[in-house]
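The values are calculated or read from the model by the stated rules, or taken from the named source; none is laboratory data. Bear in mind the structure is a predicted one, so any value in this text is a computation, not a measurement. Glycine also receives a Cβ, built like all others from the backbone with ideal geometry; neighbour counts cover every protein chain displayed.
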Amino acid sequence: MTALTVLTETGADRAALPLLWWLGPITAIVALFFAVLFYKQMMQKPEGNDKMKFIAQAVREGAMAYLSRQYRVVGIVFAILFIIFLVLSFFKLQNPIVPFAFLTGGLFSGLCGFFGMKAATNASARAAHAASKSLNSGLQVALRAGAVMGLVVVGFALLDITLWFLLLYFGFPVLFPNNFISLTANPLPQITAIMLSFGMGASTQALFARVGGGIYTKAADIGADLVGKVEANIPEDDPRNPATIADNVGDNVGDVAGMGADLYESYAGSILATSALGVAAVTLAGSGLIPGKTSLETGLIFITAPIVLAALGIVLSILAIYLVRTHDDASQSQLIASLSRGLNLSSLGIAVLSLPLLYVLGLPNWFAIWICVLAGLAVGLIIGKSTEYYTSHAFKPTQDIAEQAETSSATALIEGMAVGMESGGIPVAAVVIGIMVSYYVAGGVNNLLMGLFGVGIAAVGMLSTLGFTLATDAYGPIADNAGGNAEMAGLDRSVRQRTDELDAVGNTTAAIGKGFAIGSAALTSMALLAAYLEEIRLVLSELRHVDSLLVRGEMIPVMLMTMDNFMDFYNVSLLNPAVLAGLFTGAATAFFFSAMTMRAVGRAATGMVEEVRRQFREIEGILEGSGRPDYARCVAISTAAAQREMIAPAMVAIIIPVMVGIVFGIAGVLGLLAGALVTGLSLAITMSNAGGAWDNAKKYIEVGKFGGKGSPAHKAAVIGDTVGDPFKDTAGPSLNILIKLMTMVSVVFAGLVVAFGNGQGLIFMLFH
């Protein structure tokens with residue numbers, strides 16, 4: 001007897017999976033194969049002279065030492081949460097599978113960071129050496145190394161999701177025949193709800209990686225810039241600066257390892273949320289949605305849809321990587337166009353090829369779902385182009401900041417903040433239009449869950465080409481490190497000029513990547529709000545054994561309750577003070593979280609600035625080049641600060657949804673998540689784009705505008721870049737993880753919240 005033919009005690013067969021579903025694990029393996037291939041090709045490139053090798057090795061050792069310490073700290077947090085989940089499971093407040101799914105999400109997220117950073121730290125010197133030959137050679141090495149990160153993220157995410165589904169769907173009836181999943185005729189609602197806890201593990205790991213890495217890199221960067229560039233008037237990445245190695249290490253732990261974990265959870269979260277909503281929509285519509293197919297068979301088709309899109313995106317991302325080329329006298333706009341060529345063609349491929357795939361899959365509303373895919377792609381491209389316009393020094397907003405730097409650092413800061421705030425308008429409008437189009441086209445008027453499934457599909461469509469998008473994102477810090485290696489090794493100025501060109505483009509591609517992550521967070525979180533209510537339904541019926549609830553004077557079976565019924569039962573309206581309390585708490589949480597991460601960077605940077613000043617003061621001959629800086633001391637300061645400061649912000653994201661749920665109930669949680677989503681989205685875009693614009697305004701001056709390096713305008717721009725560092729690399733990109741982690745925490749702790757008055761909260765229990 002095989003797993004395919006196992007009969008449950010209800011007498012229901014496990015229906016075979018659609019053939020297209022198998023594209024998920026197959027393309028995941030293909031992605032990992034090409035990641036290995038690109039890594040091996042990169043490692044075959046020469047690393048340059050002995051000095052270049054020494055610098056690269058110092059960065060590698062510092063990065064791996066930091067990551068090892070971070071994983072030990074995060075491991076303790078995961079162990080504590082695992083025990084908490086086991087206790088909740090023991091008291092029937094949570095499904096017993098959740099703790100293990102949570103661990104695997106964190107494990108794979110951490111692996112993505114590790115492998116991505118390993119590739120990046122091995123690529124920097126090789127990219128610098130390649131840039132000594134030509135601009136295109138440097139671009140190819142940096143991009144292929146970045147592709148390792150992109151393909152590892154999409155490969156691991158899709159592989160983990162599909163393997164977990166196979167285990168729960170086919171494996172459990174064989175391994176655990178008396179488990180509730182095995183005893184259910186249609187196990188898809190339970191399976192998709194459980195797999196959302198996998199997303200919490202990924203989100204938790206991502207937040208630690210982003211916050212910790214962001215604190216590390218910005219402490220080192222600020223110390224190197226303020227004391228080195230402004231006070232000592234020495235070039236960026238000058239080997240006389242004690243913070244240079246720490247700064248280069250920080251580029252990897254923050255912008256590579258942190259970013260990889262971040263987008264891993266965005267990618268996985270969008271697929272998981274969409275799958276859960278598809279199953280819920282099918283359940284609400286009944287068995288007649290596709291003639292001749294049961295609810296189970298129809299649900300499998302809807303689960304397959306986001307997996308097929310992800311699989312198609314992997315293939316197109318690999319092709320796009322091979323399309324990127326440039327020439328030696330390319331301007332920044334031409335370099336951006338070279339990278340955009342890959343993104344545009346992969347997006348076009350998704351738009352064209354997804355239509356026949358959805359049709360063959362047999363979705364009843366295949367054309368409408370295709371329109372949702374197009375909407376997601378359009379939102380992603382609009383966010384990307386908007387980000388490029390506001391952050392690249394090829395365009396007026398960043399040039400205006402550079403011009404203001406001629407007056408003073410204060411006016412440069414004012415202009416940068418204005419640019420950041422203005423830049424939020426187009427992305428937010430795009431997200432709103434994308435949500436409305438996807439919801440109504442997918443059939444939200446007749447089936448609310450089907451409409452939200454369309455929103456989820458739009459998020460998957462936006463992230464479908466993540467393999468390539470993330471490759472261009474990871475390319476940025478590799479190019480930055482290549483420039484640092486060239487400077488410290490004393491290579492010809494033409495090499496540094498080429499790496500600076502690549503780095504400037506990298507700042508823009510990084511901002512575009514963050515824009516995609518933020519935009520997808522909005523769409524995914526919208527879908528997760530509905531998935532949260534579906535989790536409440538399962539908790540009430542499976543764990544609490546509640547058959548019916550009184551809604552407007554009528555007893556309605558829990559399994560037949562609509563979204564409107566849930567909204568009525570929990571009184572989810574603006575007239576409910578619990579909802580308002582949640583809204584204000586969510587908005588305040590986004591600001592409080594940002595303040596915590598910004599202050600953490602400030603405290604860590606203070607220690608770095610004092611150390612660099614001390615070494616300049618006490619180490620004889622350091623500024624003349626005869627004394628040797630103590631690089632290791634600066635690396636240790638950043639490492640210790642990041643480990644110390646990253647715990648509190650992460651705990652905020654976990655504790656607040658649980659406390660709001662216990663006190664204010666489901667209504668309060670929904671208000672909390674809505675407030676955090678709206679505020680966090682706008683704040684994240686403002687901070688990320690302002691920081692990117694300040695950084696590229698500095699680089700615009702460094703290429704010779706407004707007096708060039710060492711001029712008063714340059715020093716003012718360095719101040720702007722310094723202020724923008726925690727904006728764009730710590731607080732800003734961490735906010736999109738905060739939004740999704742709070743939602744995932746709410747889903748996973750739903751059983752605990754429902755224990756208080758069936759989810760109506762302590763306040764309701766005390767006063768009713």
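Key figures
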| quantity | calculated |
| --- | --- |
| When residues of segment 320-333 are limited to those that are modelled with pLDDT of 75 or more and more than 23 Å from the chain's Cα centre (by Cα), the one farthest from residue 155 (Cα to Cα) | 325 |
| Hits in segment 198-253 (condition: polar (S, T, N, Q) and over 28 Å from the mean Cα position of the chain (by Cα)) | 233, 241 |
| Selected residue [buried (at least 24 other Cβ atoms within 10 Å of the Cβ), farther than 21 Å from residue 170 by Cα, touching a Leu at 6+ places or on another chain (Cβ under 8 Å) and in contact (Cβ under 8 Å) with a residue 12 or more places away in the chain] from 234, 245, 222, 314 | 314 |
| Residue match in segment 322-335 (condition: among the aromatic types (Phe, Trp, Tyr), over 21 Å from residue 15 (Cβ atoms) and surrounded by 24 or more Cβ atoms within 10 Å (Cβ to Cβ)) | no |
| Checking residue 185 against (1) surrounded by fewer than 21 Cβ atoms within 10 Å (Cβ to Cβ); (2) part of a helix (DSSP H, G or I), the condition it does not meet | (2) |
| Pairs with Cβ under 6 Å, 6+ apart, first in segment 357-382 and under 22 Å from residue 336 (Cα atoms), second aromatic (Phe, Trp, Tyr) and crowded, with 21+ Cβ neighbours inside 10 Å | 380/516 |
| Members of segment 167-177 that are in contact (Cβ under 8 Å) with a residue 40 or more places away in the chain and out of contact with any helix residue (DSSP H, G or I) (no Cβ under 8 Å at 6 or more places or on another chain) | 177 |
| Residue list for segment 355-368, filter: assigned to a helix (DSSP H, G or I), within 22 Å of residue 297 (Cβ to Cβ) and of a type outside the set (Ser, Thr, Tyr) | 356, 357, 358, 360, 361, 366, 367, 368 |
| Among residues of segment 48-70, those that are within 17 Å of residue 111 (Cα to Cα) and either free of Cβ contacts under 8 Å to residues at least 40 places away in the same chain or not in a helix (DSSP H, G or I) (or both), counted | 1 |
| Leading residue by the ranking (surrounded by the fewest Cβ atoms within 10 Å (Cβ to Cβ)) among those in segment 57-94 that are more than 30 Å from residue 123 (Cβ to Cβ) and of a type in the set (Gly, Ala, Ser) | 79 |
| Contacts under 7 angstrom Cβ, first residue in segment 730-757 being in contact (Cβ under 8 Å) with a residue 24 or more places away in the chain, partner outside any helix (DSSP H, G or I) and of a type in the set (A, V, I, L, M, F, W, C), 6 or more apart | 751/93; 752/93; 755/93 |
| Leading residue by the ranking (surrounded by the fewest Cβ atoms within 10 Å (Cβ to Cβ)) among those in segment 540-560 that are closer than 19 Å to residue 746 by Cβ and modelled with pLDDT under 85 | 541 |
| Some residue of segment 620-630 being buried (at least 24 other Cβ atoms within 10 Å of the Cβ), touching a residue at least 60 places away in the same chain (Cβ under 8 Å) and out of contact with any Pro (no Cβ under 6 Å at 6 or more places or on another chain) | no |
| Condition check for residue 406: buried (at least 22 other Cβ atoms within 10 Å of the Cβ), over 22 Å from the mean Cα position of the chain (by Cα) and among the acidic types (Asp, Glu) | no |
| Options 579, 572, 669, 658; residue that is in contact (Cβ under 8 Å) with a residue 24 or more places away in the chain, over 25 Å from the mean Cα position of the chain (by Cα) and part of a helix (DSSP H, G or I) | 579 |
| Breaking point among (1) more than 30 Å from residue 648 (Cβ to Cβ); (2) touching a residue at least 40 places away in the same chain (Cβ under 8 Å); (3) part of a loop (DSSP other than H, G, I, E, B), for residue 96 | (2) |
| Answer from 283, 274, 298 - the residue that is in contact (Cβ under 8 Å) with a residue 12 or more places away in the chain, part of a helix (DSSP H, G or I) and in contact with a Phe, Trp or Tyr (Cβ under 9 Å, 6 or more places away or on another chain) | 274 |
| Per-region count, segment 369-408, residues among the small types (Gly, Ala, Ser), part of a helix (DSSP H, G or I) and under 30 Å from residue 704 (Cα atoms) | 4 |
| Any hit, segment 417-424, residues being crowded, with 24+ Cβ neighbours inside 10 Å, touching a Ser or Thr at 6+ places or on another chain (Cβ under 6 Å) and at pLDDT below 90 | no |
| Residue within segment 63-74 that is out of contact with any Ser or Thr (no Cβ under 8 Å at 6 or more places or on another chain) and at pLDDT 90 or above present | no |
| Per-region count, segment 257-297, residues buried (at least 24 other Cβ atoms within 10 Å of the Cβ) and farther than 16 Å from residue 446 by Cβ | 21 |
| Complete set of residues in segment 471-501 that are within 30 Å of residue 373 (Cα to Cα), modelled with pLDDT under 85 and either of a type outside the set (Ser, Thr, Tyr) or out of contact with any Gly (no Cβ under 6 Å at 6 or more places or on another chain) (or both) | 472, 473, 474, 476 |
| Segment 158-181 - residue that is among the polar types (S, T, N, Q) and over 21 Å from residue 278 (Cα atoms) and, of those, surrounded by the most Cβ atoms within 10 Å (Cβ to Cβ) | 179 |
| Single residue of segment 155-210 satisfying the filter (among the aromatic types (Phe, Trp, Tyr) and modelled with pLDDT under 90) that is farthest from residue 559 (Cα to Cα) | 208 |
| Number of the exception - residue 146 against (1) small (Gly, Ala, Ser); (2) farther than 21 Å from residue 748 by Cα; (3) more than 19 Å from the chain's Cα centre (by Cα); (4) buried (at least 24 other Cβ atoms within 10 Å of the Cβ) | (3) |
| Qualifying position, being over 21 Å from the mean Cα position of the chain (by Cα) and either part of a helix (DSSP H, G or I) or in contact (Cβ under 8 Å) with a residue 60 or more places away in the chain (or both), among 414, 435, 457 | 414 |
